[in-house]
Structures are given as structure tokens and as C-alpha cells.
1. With the crude spin-label approximation of a point 7 Å out along Cα→Cβ, what separation in nm comes out for A:Thr155 versus B:Asp114?
2. Could you tell me the calculated FRET efficiency between A:Asn119 and A:Ala71, based on Cβ-Cβ distance and R0 = 45 angstrom, to the nearest 0.05?
3. How far, in degrees from 0 to 90, does helix A:148-169 lean away from the longest principal axis of the Cα atoms of chain A, to the nearest 10?
4. Could I have the simple spin-label model distance between A:Ala164 and B:Asn60, label points 7 Å from Cα toward Cβ, reported in nm to one decimal?
5. Report the one residue of B:Phe44, B:Met34, B:Val17 whose Cα lies farthest in the direction of the positive end of the charge dipole of region B:2-127 (charges on C-beta: Lys and Arg +1, Asp and Glu -1; origin at the Cα centre).
6. At a Förster distance of 25 Å, what's the computed FRET efficiency of B:Thr67 paired with A:Ser148, Cβ-Cβ distance as r, to 0.05?
7. Can you give the extra length, in nm with one decimal, that the chain gains between A:Ile127 and A:Thr96 once fully stretched, where that is 0.36 nm per residue apart less the Cα-Cα distance?
8. Please work out whether chain A counts as rounded, prolate or oblate from its C-alpha gyration tensor, where a ≥ b ≥ c are the square roots of the eigenvalues and a/c under 1.5 means rounded, while otherwise a/b larger than b/c means prolate and anything else oblate?
Amino acid sequence: MSGFLVNASLIALLALIAILALRLHRLFAVVMLSGAFSLVAAAQFVVLDAVDVAFTEAAVGAGISTVLALATLSLVPAEEKPHSISLVPAFLATLTGLLLAVAVTDLPNFGDPKAPIHNHVAPEYIIGSEQAIGVPNIVTSVLASYRSFDTFGETLVVFTAAIAVLLIIGGYTRAPRRAKGKRKGSQDAG
Amino acid sequence: MSAWMDPILGQWNYYLVIALMMIGFYAVIARGNMVKKIVGLNIFQTSVFMLYISMGKVANGTAPILTGEPSTVYSNPLPHVLILTAIVVGVSTTAVGYALIIRIQESFGSIEDDDIIAMLDDEEAPAS
């Protein structure tokens, strides 16, 4: 039962942060709350035994994402136009949530050791990590050895994203507009 | 422990994650501000990650790092690997999204959906 209490309070905290991020209009506060959300999510991942995921989430989600968002905020207006609660999206989100809740009833119980996911290939990876790879951290041995081509693909995705960012905001594709923007101020729409 | 085996209470973690997902989904489709859309997308993404990690959890298990004790129960490491990749891909798409926001701000002077749509309508109206 203590697992339930820890998990439920962490997720309640996450929901509170998410709702605050939704309600606030100052984007700086929203971005900071987004970083806090990632940090609490990392704590939640530790509770769920995913220590490597928690590490990555804390470094990438709370660190790099927040830095990227702050860099963006230095170039865009820091206030959001106030909005009232819109009914159609709220209805759509609730409907999706209800459909998912119905679908979840088909899943095995949370933490059930007899669930199919734990009895198909997972035991082979756990045994093989020690005998075939010799790395004590199973996540590392799967990521870097069994599935190293997937990890290579992931690196390619990051490289592609870096190229895309450079093409979108790099100097080569927008040099004339930038010179104009500097003189008149960036609020001048072309 | 007996409460976990109860068919109604057995899946509580999934329901909590779904509630979290609904908040993020609402932020993505309802908010006109693009920075807020991206923050909502991050919340959405993280809740999906949490669903996967919840599936990998084994009751009374420990983190999948070999302890040397044969009796140790490990949580399933495969969802963890999948989500590690997903987090990194997620931050890449976030970076591209922020770059697009900066470019939209330069072109339109606004990052609000309805402002930009109004501007585009004004541009079209005299031409037709």
C-alpha cells in the first residue's frame, strides 16, 4: 500500500504542476513549471524502478528542454493572451481519457509478475546481460549491445533535428530579413 | 498487497497516468500560444512514458541492475530502453518546435494561433 501512496502523491503533484502550467499566462513561469514537472516525473521513474530513465529525464527533460525554452523566450513575447476554458477541446480530452480508461481494463494488473510482458523475452535479456554481454546494468547492455542499431538510429534522429534547427533559424536562410528586423525591431511583421 | 490484486484497484497507476495525459492533451489542442502548446506536448509525452514504465514494474522488484543474488526480482528493462530512446527523440522534436516558433515570431510578430490566422485572412481578403 505504501507504493500506492508514494505513486499517487507524486502523480497528484505532477497533475497540480500541469494544471498550474496550463492556467498561468506568464510564459517564464510556465517554462519553469515544465522543468519542475520533468524533475518530479524523474522521481516517479525512480519509484517505478526505471533509474536510467529517471537520469535521462532529469538531464534532458528538466535540463536541456528548459534551456531551449528559455532561449526561445528571449526572442518571443513573454505573456500569453488570456484564454477562457474552451469546451470542445476539454470534451475531446475527456472523451480520449474515457476511451483509454475503458481500454486499460484489458491490461494486466499493475506490478503483476505474471503479466505477458515479463514472461516473453525479458527473462532472456536479464540472463543474457550477465552471461553474453557481461554488463551488470541490463538497460545499458540492451541499449548499447542488443539494440545498438536502434541507438544508432536515435543518434541519426538527433543529428537530423540539429540540421533542421540550423536550417530553420540559422543565418543562411534568413539573412536579409534579420538585418531589417534589427533596425526596426523584431515586432515589425514583414 | 491484497489491494493490488483487487481487479478494481489493480490498475490505479494507469488511471492516474491517463488523467495526466488528459491535461497535456487539452493544453496541446486548446491553447493558442505556441510555447504553451509545446509545454503541453511535453506533459502529454511524459505521461505516455509513465504508462510504459508502469507496465515494466514488477511488484517487489528492483531496478534492473544485476545484484549477483539469484533470488532478486528485477523490473522489466525493455520498456526502460524504449523510453530512453523516446525521451531523446522527444527533446529533438521539441528543439525543432522551438526553432519554428522563433521563425514564426519573426515572420508574423506573434506566436498566438488566432492572431496569425487573422493576419493570414487579412492578406487573402484584398487579393480575391
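1. So the two model labels end up 4.8 nm from each other.
2. The calculated FRET efficiency here is 0.45.
3. Between helix and principal axis, roughly 10 degrees.
4. About 4.6 nm separates the two model spin labels.
5. The listed residue farthest towards the positive side: B:Val17.
6. 0.50
7. So the extension gain works out to 7.2 nm.
8. In terms of gyration-tensor shape, oblate.
Here, each number is a calculation from the coordinates, and none is a lab measurement. Keep in mind that what you see is a predicted model, and the values were worked out from it rather than measured. Please note: Cβ atoms are built from the backbone with ideal geometry, for glycine as well, and neighbour counts cover all protein chains shown.
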